[in-house]
Amino acid sequence: MVTDPLFYAAAIPALLITGISKAGFGSGLGILAVPLIALTMPATQAAAIMLPILCVMDLAALWAYRGQWSRENMRIMLPGGIAGIVLGALTFRYVSEAGLKLMLGAVAIGFVLQRWISASPRPETTVPAPAKGYFWSALSGFTSTLAHAGGPPLSIYLLPQRMDKALLVGTTVVFFAVMNYVKLIPYTLLGLFDLGNLATSAGLVPLGVFGISCGVWLRKRIPEALFYRFCYAFLFVTGAKLLYDGVSRLI
């Protein structure tokens, strides 16, 4: 089990943020967990410790949002997401972490800016679309496999549909629950799990579940219009952080 105090100084806030984000408040902020923990250990080990915790957190989130998810979107997103996981597993050892962060950061910021500067005071609401859904969910599965960073691509597809906030969050929860349990297969085959990492994961699970409770509490108390403003704002902040991290690693 990891005993470094610096690891826990990074992991505790990372897991609380992830739980709050996974429960629907602060779209995309869960992407910060692996980079934050990776300040204290290799990124691959950070990702391996996070995955079992995410799987348990998914069970709590699925219970909180049971029955509240878009079946139409899920039929589009799941095949794309699984294809992205396969691609991520095949390229896990070769993809540059800095390049991945730069790409994700640029896409997230560009998307939010486009929505903010739209000529329309209320951007047009979109509907589930197979081509867009396959692309963004595949990118989500790919980046989720590499760094549990699938939130921004999926947000780019789902947020413009302006679903009821519970339906939006529930759809996201179901998608990532499936993705995370499928990811257990390539992570095991890649040899990323060991007893030390698994013991560390087990000790941190309660924090993630507590974070989900906080996120559900916040989501229920925020009006829908304000909720969407928060989602776009947090997605922008996440994109900026990814760009900064990517540039820092290249300099």
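A few notes on this one:
Each row is one residue, and each column tells you yes or no for (1) surrounded by fewer than 18 Cβ atoms within 10 Å (Cβ to Cβ); (2) farther than 29 Å from residue 1 by Cα; (3) touching a strand residue (DSSP E or B) at 6+ places or on another chain (Cβ under 8 Å).
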site: 49; (1), (2), (3): no, no, no
site: 94; (1), (2), (3): yes, no, no
site: 116; (1), (2), (3): yes, yes, no
site: 129; (1), (2), (3): yes, yes, no
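- Residue satisfying condition, being under 16 Å from residue 149 (Cα atoms), within 17 Å of the chain's Cα centre (by Cα), hydrophobic (A, V, I, L, M, F, W, C) and crowded, with 20+ Cβ neighbours inside 10 Å, within set 53, 82: 53
- For the range 113-126, the tally of residues that are modelled with pLDDT under 80 and aliphatic (A, V, I, L, M) stands at 2.
- The single condition among (1) within 14 Å of the chain's Cα centre (by Cα); (2) at pLDDT below 80 that residue 232 does not meet is (1).
- Scanning the range 149-166 for residues that are in a loop (DSSP other than H, G, I, E, B), crowded, with 24+ Cβ neighbours inside 10 Å and among the aliphatic types (A, V, I, L, M) gives a single hit, 149.
- The residue that is nearest to the chain's Cα centre (by Cα), counting only those in the range 94-111 that are farther than 14 Å from residue 152 by Cα and in contact (Cβ under 8 Å) with a residue 60 or more places away in the chain, is 97.
- Unique residue being crowded, with 24+ Cβ neighbours inside 10 Å and of a type outside the set (A, V, I, L, M) when the list is 69, 63, 136: 136
- Pairs meeting the criteria (first residue in the range 208-230 and farther than 11 Å from residue 19 by Cβ, second residue assigned to a helix (DSSP H, G or I), beta carbons under 6 Å, at least 6 apart or on different chains) are 224/165; 227/165.
- In the range 54-99, the residues that are out of contact with any Phe, Trp or Tyr (no Cβ under 9 Å at 6 or more places or on another chain) and among the charged types (D, E, K, R): 66, 71, 72, 75, 93, 97
- Qualifying residue in the range 60-75 (condition: in a helix (DSSP H, G or I), within 27 Å of residue 218 (Cβ to Cβ) and either in contact with a Cys (Cβ under 8 Å, 6 or more places away or on another chain) or among the β-branched types (Val, Ile, Thr) (or both)): no
- Residues satisfying the stated conditions in the range 29-47, i.e. crowded, with 23+ Cβ neighbours inside 10 Å and small (Gly, Ala, Ser): 30, 33, 46, 47
- Close pairs (7 angstrom Cβ cut-off, 6 or more residues apart or separate chains): part of a helix (DSSP H, G or I) and surrounded by fewer than 21 Cβ atoms within 10 Å (Cβ to Cβ) in the range 173-200, hydroxyl-bearing (Ser, Thr, Tyr) and modelled with pLDDT under 95 anywhere: 186/145
- Selection count where residues are modelled with pLDDT of 75 or more, in a helix (DSSP H, G or I) and touching a helix residue (DSSP H, G or I) at 6+ places or on another chain (Cβ under 6 Å), scope the range 13-42: 13
- Residue 131 being among the hydrophobic types (A, V, I, L, M, F, W, C), under 26 Å from residue 217 (Cβ atoms), assigned to a helix (DSSP H, G or I) and over 13 Å from the mean Cα position of the chain (by Cα): no
- Among the criteria (1) polar (S, T, N, Q); (2) farther than 17 Å from residue 33 by Cβ; (3) touching a Gly at 6+ places or on another chain (Cβ under 8 Å), the one residue 188 does not fulfil is (3).
The values are calculated or read from the model by the stated rules, or taken from the named source; none is laboratory data. Keep in mind that this is a model prediction, so the values were computed, not measured. Cβ coordinates were reconstructed from backbone atoms using ideal geometry, including for glycine residues, and neighbour counts include every protein chain displayed.
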